[in-house]
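Quick note: the coordinates plus some simple rules give every number you see, no bench work behind them. Keep in mind that what you see is a predicted model, and the values were worked out from it rather than measured. Cβ atoms come from the backbone with ideal geometry, glycine included; neighbour counts cover every protein chain shown.
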Amino acid sequence: MPLAYYSVAAAEAFWSEHWGGHSVEEMLAVAQRSPLTGMILDALGSAPGRRVLEAGCGLGQYVLLLRQLGWQASGVDWSGDALRACRAVRAVPLARMDLRSLALRAGGFDACLSLGVVEHDVTGPEALLAEAARVLVPGGVLVVSVPYVNGLRALTAPWLVLQNRAIARRGGAFYQYAFTRSEFLRTLDRAGFDVESTRPYDPARALRRFLPRNGAAMTRPGAAEGSGARGRGRAGLKRLLYSSPALALLGHMLLAVARKR
């Protein structure tokens, strides 16, 4: 069973408040230099004439970035406030929709991107993945990420289960699931996808709460490396954190690349 987390419900009000603490320009700048972006672009492949939907686009930074790179990118999200903030920066195709029931025609997209979204449905990710499959052409690419039961989470799973049960008893609402690699592979298979690759990312999330403020900033995915000794230190830390052992132990999210059967 996936690991369930409780705190607050990830409904429209939650996402409007979350994205309200950031700007479109800030998030676009992070996307332009994040290691995750390279992973996404490798998965999506060539852009000319291809149509990509971001399901759960938030402030639309990846819609903007992919359009800059030649994709016919559009986005949907639960938060009308986040979509309005993106439209105020640039007029791009965005719409507020229930991601479990998209008002989009079947087979209308060559690729679908969904980052940190499907895990927030208390009934499981199946309905959102089914919609992603429906709007994709046969052989279309899905790039999707979920919280990962990494080595550290696996070691502390009994304590995490007890902690979250206690939060639920105190009135906490369901927030998200975290998945092992095998759990998520089975979920994608049932949704009609053949998985091509998986890779953990964001290995520094678990460390940030224990680091001083400056040290925590160095571990963020989009942190600039700079120059001199500090720049070399940041580059070395990034290489260490993105090594295979560190990703297996600490990777916060799991990115899967799959094709619709």
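Sorted from greatest to least, the principal axis extents spanned by the alpha carbons of the stretch 62-126 come out as 35, 27, 21 Å.
For a footprinting-style exposure proxy, rank ASP98, ASP81, ASP202 by other Cβ within 10 Å, fewest first. Can you show the working numbers first?
Details: ASP98 12, ASP81 16, ASP202 25.
By the 10 Å Cβ count, ascending: ASP98, ASP81, ASP202.
Based on the convex hull around the alpha carbon atoms, the stretch 72-184 presents an average projected area of 9.1 nm². Along its first, second and third principal axes, ordered by size, the chain spans 48, 47, 35 Å in Cα coordinates. Ranked by how many other Cβ atoms sit within 10 Å of their own Cβ, fewest first, the residues CYS57, CYS86 fall in the order CYS86, CYS57. In the chain, what % of DSSP beta bridges are antiparallel (nearest 5)? Bridges in the chain are about 55 percent antiparallel.
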